[in-house]
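Okay, structure first, notes after.
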Amino acid sequence: MDVLLLSRLQFAFTVAFHYLYPPLSIGLGVSLVVMEGLWLKTGNPVYHQMARFWTRVFALTFAIGVATGIVMEFEFGTNWASYSRFVGDVFGSALAAEGIFAFFLESGFLAILLFGWDKVGRKLHYFATWMVCLGAHFSAVWIVVANSWQQTPAGYRIEQTANGPRAVITDFWQMVFNPSSLDRLSHTLCGAWQAGAFLVISVSAFYLLRRRHETFAKASMKVGLGVALVASVLQIVTGHSSAVGVAENQPAKLAAFEGRYTTRDHAPLSLAGWIDEQQEDFAFNVEVPGMLSWLVHGNTAGVVRGLEEFKPEDRPPVNASFQFFHLMVAVGFGLLGLAGLGSWFCWRGTLFQHRWLLWLLVFAVLGPQLANQAGWFAAEVGRQPWIVYGELRTSDGLSAVVTSNLVLTSLVLFTVVYVLLFAVFAYLLNDKIHHGPDETDLIPSGALADHRRADA
């Protein structure tokens with residue numbers, strides 16, 4: 001097999017596997033802040049029990065996320081040395097900022113979050129919970145900034161060196177706030193909030209169906225649905241904003257997302273379809289007339305650029321981009337519907353009577369992961385053939401000395417190791433769920449009063 005294809009498959013596999021865990025950590029961090037805050041505000045011991053149980057799950061996702069993320073940094077040097085030389089100045093700054101402002105913050109307060117429940121005051125512990133949550137978010141900030149620079153590079157100049165061209169930062173903040181970074185960051189964070197919230201919802205629904213830990217499950221369900229509904233609404237808003245930015249900054253990508261080969265006004269919005277790339281047309285298509293122009297420009301007369309304006313060698317894989325993008329959108333609207341339906345029944349006090357809905361909510365945990373993966377693949381496939389948009393082609397970013405046999409061997413080994421890691425994660429998560437919350441975590445109100453007096 002071709003070394004370029006194998007290297008792309010290897011990196012895609014390692015990123016996809018790693019990306020299962022950071023969204024859960026970020027989303028669970030938000031839920032922990034809400035749960036512990038409710039405990040401190042109300043004194044209800046169930047919220048304390050919730051916070052401690054979900055802290056254990058958070059620790060598991062954090063540990064696996066760190067372990068799987070390290071591999072990608074080595075791949076930059078082994079498989080993508082030319083790319084690393086080109087972006088080293090940019091990525092070095094962003095990844096150093098992540099280490100200083102995100103990873104150290106998160107890991108520094110993690111011990112207090114995990115082991116400080118009975119050893120520090122409640123205010124200090126809640127502060128640690130906030131810092132771990134913020135650290136997880138800051139980590140996403142710098143990773144998304146680095147990746148967004150690849151999509152819409154800014155604040156740099158190209159410098160010729162003995163080893164080839166190299167991007168050098170000329171304006172750090174222009175690099176950070178490149179044209180796509182804020183849209184992509186907000187969209188990514190909303191997806192992470194959904195991932196954490198729907199995990200809380202799924203486990204709570206499972207307990208309710210099994211009639212176990214019902215008081216705990218009902219309280220967790222309400223928190224999870226609240227976070228999920230807010231995140232799902234914001235996900236649609238940020239997704240639209242991000243798509244408008246793609247239309248402006250990466251028109252070939254938007255054309256691929258919508259399967260549009262022809263530049264035209266009154267451009268229709270495709271709801272579903274299959275694209276014949278040889279014929280440069282849909283094999284079948286379900287569309288809404290004029291809707292794409294309206295979404296991009298605010299009026300149906302707006303002109304949307306088609307792939308015909310770009311050389312064939314500069315076009316992304318059209319059908320793959322189309323399918324990943326539409327899968328993400330479909331799942332996103334499905335999650336919004338589930339969050340809205342669950343919140344409606346919960347507000348009416350009838351949610352726990354509808355077993356069919358509880359079963360849907362059990363399996364809804366897969367939705368955010370599917371949408372996050374599809375969105376990430378759409379963004380990366382749609383950027384092709386560029387690894388840095390308009391500056392460096394993916395084929396030019398490869399290491400010169402890596403052979404297809406080496407990449408294939410490492411890909412097989414990574415697959416085996418990652419399958420084992422996922423099995424360990426699934427086993428430990430299943431064990432924690434079946435064990436359930438500890439009854440000893442139900443702190444009585446008198447103990448909370450002792451905490452408050454100690455803080456005073």
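The values are calculated or read from the model by the stated rules, or taken from the named source; none is laboratory data. Computed from a predicted structure; not experimentally measured. Positions of Cβ are backbone-derived with ideal geometry, glycine not excepted, and every protein chain shown enters the neighbour counts.
Which one of A140, A136, A128, A146 is crowded, with 17+ Cβ neighbours inside 10 Å, touching a Gly at 6+ places or on another chain (Cβ under 6 Å), under 29 Å from S25 (Cβ atoms) and of a type outside the set (K, R)? After applying the criteria, what remains is A136. For the range 422-444, the candidate set comprises residues that are in a helix (DSSP H, G or I) and surrounded by 11 or more Cβ atoms within 10 Å (Cβ to Cβ); within that set, the residue that is modelled with the lowest pLDDT is D441.
Take R157 and decide whether it is among the basic types (K, R) and in contact with a Ser or Thr (Cβ under 7 Å, 6 or more places away or on another chain). Here the answer is yes, as R157 does meet what is asked. Against the definition (modelled with pLDDT under 90, under 28 Å from the mean Cα position of the chain (by Cα) and either assigned to a helix (DSSP H, G or I) or not charged (D, E, K, R) (or both)), how does G340 come out, yes or no? Spelling it out, it is not the case that G340 is modelled with pLDDT under 90, under 28 Å from the mean Cα position of the chain (by Cα) and either assigned to a helix (DSSP H, G or I) or not charged (D, E, K, R) (or both). Considering only residues that are over 22 Å from A374 (Cβ atoms) and loosely packed, with under 13 Cβ neighbours inside 10 Å, which ones fall in the range 251-280? Of everything in the range 251-280, those that are over 22 Å from A374 (Cβ atoms) and loosely packed, with under 13 Cβ neighbours inside 10 Å turn out to be Q278, Q279.
Within the range 366-381, residues that are without any contact (Cβ under 8 Å) to a residue 60 or more places away in the chain and part of a helix (DSSP H, G or I) reach no partner that is surrounded by 22 or more Cβ atoms within 10 Å (Cβ to Cβ) and among the hydroxyl-bearing types (S, T, Y) with beta carbons closer than 6 Å at six or more positions or on different chains. Taken together, G77, G88 contain a single residue that is surrounded by fewer than 18 Cβ atoms within 10 Å (Cβ to Cβ), closer than 20 Å to H18 by Cα and modelled with pLDDT under 85, which is G77. For the range 291-324, filtered to residues that are under 31 Å from the mean Cα position of the chain (by Cα) and small (G, A, S), the residue that is modelled with the lowest pLDDT is G298.
P316 passes every criterion in (1) of a type outside the set (G, A, S); (2) surrounded by fewer than 19 Cβ atoms within 10 Å (Cβ to Cβ); (3) part of a loop (DSSP other than H, G, I, E, B); (4) out of contact with any His (no Cβ under 6 Å at 6 or more places or on another chain) apart from (2). Being crowded, with 16+ Cβ neighbours inside 10 Å, touching a residue at least 12 places away in the same chain (Cβ under 8 Å) and within 25 Å of the chain's Cα centre (by Cα) is a description that applies to L234. Of the residues examined, G88 is one that is part of a helix (DSSP H, G or I) and in contact (Cβ under 8 Å) with a residue 60 or more places away in the chain.
More than 24 Å from A374 (Cβ to Cβ) and of a type in the set (D, E), is that true of E248? Answer is no for this residue. Selection of the range 162-180 for residues being farther than 22 Å from M72 by Cα, in contact (Cβ under 8 Å) with a residue 24 or more places away in the chain and surrounded by fewer than 20 Cβ atoms within 10 Å (Cβ to Cβ) yields N163, G164, P165, V168, I169, F172, P179. The residues listed here are G27, G37, G69; of these, the one that is in a helix (DSSP H, G or I) and surrounded by fewer than 16 Cβ atoms within 10 Å (Cβ to Cβ) is G37.
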